[in-house]
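Enquirer: Let me begin by handing over the structure; questions about it come next.
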Amino acid sequence: MVQRKSTRIVTALPGPKSAAVLAKKAQYVAAPLEAYAPFIIRTSQGAVIEDLDGNRFIDFSGGWGCLAVGQRHQRIVAALHDQVDSFLHTDFTAVPYAPLVDLAEALCARTAISGDKRAAFFNSGAEALENAVKIARAYTKRKAVLVFENAFHGRTLLAMTMTHKAKPYKTGFGPFASDVYRLPYPYEYRKRVTPEEIETALLSLVDPAEVAVLVVEPVIGEGGFLVPPAWFLPFLRTLADKYGFVLAFDEVQSGIGRTGKFFAFEHFDVEPDLVCAAKSLASGLPLSAVVGRAKVMDAPIPSAIGGTYAGNPLACRAALEVLKTIDDEGLLARASHVGDRIQARFRRLAERFDVVGDVRGLGAMVAIELVKDRTTKEPAKDIASKIAQTAMANGAIFPTAGLQGNVLRVLVSFVITDAEIDEGMDILEDAFATALAKTKG
Ligand SMILES: Cc1ncc(COP(=O)(O)O)c(C=O)c1O
């Protein structure tokens, strides 16, 4: 029995008020903008969402990982009000402003790369990735891009090409960008890969003297929360140094404290040249960043990178407060605690249900992979989505992930309380029992 304190389900989903908006959505909003939740949000605080009909949910999706400090943190709300009363927009390259400069200083200080650093700002994760590649190409005067299996880097032409999963992200959208080469990834649960195999694959795909940049997620997000073995990222550093290309980490999902360190790469003995950040950086306001070694960041000619809204003052003010809040409220340690508490419950699920093939994670980036059979490891996508839907109908939102869609992952706010974690996990455990009973019946 779930002890309900934060959640409350008073209607079938969607309730009547949500259903009216969803009917209008179907008529006017382009069909590909499919929504995961079958209800319309009215308000949210911390990690709890209330819909138009008064249903209340614990949100383990955190706006796909944008809400590290929680919905509407009061410091962020106050900073935004203050900025609204000052000015909204100039375009930094027309009339510059201090919040962007202060944010560049704060981000450089938090990025564990030695020597002089610079930061540049954009609007989305994909834009950060596009610009990291542009910067690396300008610096190396080379063109090829190396990426990995299971990668997700966004939906613009180059970022979509760099993304692995074809359906839905690439379906019908070719031709793709050229000069992108995909290397094997050490997916420990399914596929062992050695350093030699990676280097051999690289040499067979492209002349390394033509490689501008290797881009990798230090912990793979969309591709199923894959934590690499300890040798992996330092080995990529060795390759970058040996062949003279730039090493860029995509920390759009794994950064801003998600793994218990400010950037996930800090768990490994490695320094990249460039890091991309977004999502929780500005607590859901559109902002992304590329931070990296000054000599690389300064390579493009003046005005070669930028964008009308890039580094919007409201988003920069929010981001400055996010960084301070993470420090002042000890949210890195909190992220580790949240991850440990959830992972302990995932391990309990693994003991109770054979459908759990693997439990893995780093800090608050934890996931559970579902399989039809523990020996064959056949992915159990239908069961994963049935469990997620059952949990949602009972008040807890859990996103799925993975190339096969058979992974349940957690991208929750770090300010979620222990009681909310326990309530959400009770709902999830019940959803496993219900969904699996139905599958057997
Ligand atoms: C690792 C990673 N890179 C890039 C992106 C793209 O970010 P955006 O959707 O803001 O373009 C995402 C989004 O989920 C991501 O997880």
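Enquirer: How big is the stretch 340-389 along each principal axis, measuring the range of its Cα positions in Å and listing the largest first?
Expert: 27, 25, 18
Enquirer: Could you check the spin-label model distance between R8 and Y36? Points 7 Å from the Cα along Cα→Cβ, value in nm.
Expert: Modelled inter-label distance: 2.5 nm.
Enquirer: In the P(r) worked out for the chain, what percent of Cα pairs fall beyond 43 Å?
Expert: Tail fraction, whole percent: 11.
Enquirer: So, one more: Return the Rg/Rh ratio of the stretch 1-123 with Cα-based radii and a Kirkwood Rh.
Expert: Result: Rg/Rh = 1.09.
Enquirer: Provide, for q = 0.20, 0.23, 0.32 Å⁻¹, the log10 of I(q)/I(0) from a solvent-free Debye sum over equal Cα point scatterers in the stretch 270-311.
Expert: -0.76, -0.91, -1.11
Enquirer: Long-range amide H contacts for K143: which residues qualify at under 5 Å (H placed 1.01 Å from N, peptide plane, sequence gap of 5 or more or a different chain)?
Expert: A212
Enquirer: Can you give the extra length, in nm with one decimal, that the chain gains between T156 and K170 once fully stretched, where that is 0.36 nm per residue apart less the Cα-Cα distance?
Expert: Stretched fully, the T156-K170 segment lengthens by 4.0 nm.
Enquirer: Also, I was wondering about something else. In whole percent, what relative contact order does the stretch 1-131 give with Cα contacts below 8 Å and a gap of six or more residues?
Expert: 18 percent
Enquirer: Counting pairs of Cα atoms in the stretch 64-203, how many percent are more than 28 Å apart?
Expert: Summing the P(r) tail past 28 Å for the stretch 64-203 gives 40 percent.
Enquirer: Among 71-81, 257-267, how do they line up by average Cβ neighbours within 10 Å per residue, starting with the highest?
Expert: Going from most to least packed, we get 257-267, 71-81.
Enquirer: Let me check I've understood the local charge: for T400, count other residues with C-beta under 9 angstrom from its C-beta, Lys and Arg +1, Asp and Glu -1. What total comes out?
Expert: +2
Enquirer: On to the next question. How do 375-383, 215-223 rank on mean C-beta neighbours within 10 Å, highest first?
Expert: In descending order of packing, they fall as 215-223, 375-383.
Enquirer: Express in nm, to one decimal, how much length is gained between T375 and S114 on full extension, taking 0.36 nm for each residue of separation and deducting their alpha carbon distance.
Expert: So the chain would gain 89.4 nm between T375 and S114.
Enquirer: Which order results if S44, S178, S303 are arranged by neighbouring Cβ count within 10 Å, fewest first?
Expert: If I rank by nearby Cβ atoms, fewest first, I get S303, S178, S44.
Enquirer: May I ask for log10 I(q)/I(0) of the stretch 358-415 at q = 0.21, 0.24, 0.25 Å⁻¹, from a Debye sum over the Cα atoms as equal point scatterers with solvent left out?
Expert: One equal scatterer on each Cα of the stretch 358-415 leads to -0.81, -0.98, -1.03.
Enquirer: If you take the Cα Rg of the stretch 74-328 and divide it by 2.2 N^0.38 Å, with N the number of residues, what do you get?
Expert: Rounded to two decimals, the normalised Rg is 0.99.
Enquirer: When you count, for each residue, the other Cβ atoms within 10 Å and take the mean per peptide, how do 98-106, 391-399 rank with the highest first?
Expert: Highest-to-lowest ranking by the protection proxy: 391-399, 98-106.
Enquirer: Please compute the net charge surrounding A277, taking Lys and Arg as +1 and Asp and Glu as -1 over other residues with Cβ under 11 Å from its Cβ.
Expert: Combined, the nearby Lys, Arg, Asp and Glu give +1.
Enquirer: Work the Kirkwood hydrodynamic radius out for the stretch 120-266: mean of 1/r over every pair of different alpha-carbon atoms, inverted, in Å.
Expert: 15.5 Å
Laboratory data are not the source of any read-out in this text; all were calculated from the coordinates shown. The shown structure was predicted, so the numbers you read here are calculated from the model rather than taken from an experiment. FYI the Cβ positions are ideal-geometry reconstructions off the backbone, even for glycines, and counts take in every protein chain you see.
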